[in-house]
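Notes follow the structure.
Just so it is clear, none of the values below were taken in a lab; they were calculated from the coordinates. Bear in mind that the values here come from a model prediction, so they are computed numbers and not experimental data. In this analysis, Cβ positions are derived from the backbone assuming ideal geometry, glycine residues included, and neighbour counts consider all displayed protein chains.
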Amino acid sequence: MEKPLVGIVMGSDSDWPLVKKACDALDLFGVPYETRVISAHRTPEMAIEYSKTAEGRGLKVVIAAAGGAAHLGGVLAAGTVLPVIGIPVAGGALNGLDALYATVQMPSGVPVATVACGSAGPTNAALLAVQILGTVDAGLREKFRVYKESLKSKVAAANDRIHAQ
């Protein structure tokens, strides 16, 4: 098995159905990853240890998915120099707005790139990780270029279907 380049951390196993979309997108590009369930609030020591050891274990990017107070991305970013991408998980009384604010509103010096709530978020987090990795991997960058071209083809095909009706 290849050494993981991306670490995907979720605050709860209930986040897995959403987070799996990020795994699927990384699989599409052949990017190796690892997944963990770590809570920023229930297992803060584990979160800090994970982030402190991520670079030494060969990770290049960390993706953090959490709902509610959603401090996971920030806790992980606090302990590493690697880029962290936050996925705010929708749910609860505020339907993800609290998770979005907690993920995107980081203090200066502790950046967390934040993607959308909902089903686009995990896919975009993985695609952003691929783009980051592609800055030093020309083969991966080319795969992403091909992927972007395929999006154009999908839009053109959708246009043709609409006009055929």
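Quick notes
- All positions within the stretch 109-134 that are surrounded by 10 or more Cβ atoms within 10 Å (Cβ to Cβ) and free of Cβ contacts under 8 Å to residues at least 40 places away in the same chain: Val110, Pro111, Ala113, Val115, Ala116, Cys117, Gly118, Ala120, Asn124, Gln131, Gly134
- Index of the failed condition, Leu151 passing every other in (1) touching a Phe, Trp or Tyr at 6+ places or on another chain (Cβ under 9 Å); (2) farther than 25 Å from Leu72 by Cα; (3) aliphatic (A, V, I, L, M): (1)
- Residues of the stretch 1-21 that turn out to be among the small types (Gly, Ala, Ser) and surrounded by fewer than 20 Cβ atoms within 10 Å (Cβ to Cβ), as a count: 2
- Members of the stretch 113-165 found to be of a type outside the set (Ser, Thr, Tyr), part of a helix (DSSP H, G or I), out of contact with any strand residue (DSSP E or B) (no Cβ under 9 Å at 6 or more places or on another chain) and closer than 18 Å to Ile63 by Cβ, listed by number: Ala120, Leu127, Gln131, Gly134, Leu140, Phe144
- Some residue of the stretch 65-83 being under 10 Å from Gly7 (Cα atoms) and of a type outside the set (Ser, Thr, Tyr): no
- The lone exception for Arg57 - which of (1) touching a helix residue (DSSP H, G or I) at 6+ places or on another chain (Cβ under 7 Å); (2) closer than 12 Å to Gly7 by Cβ it fails: (1)
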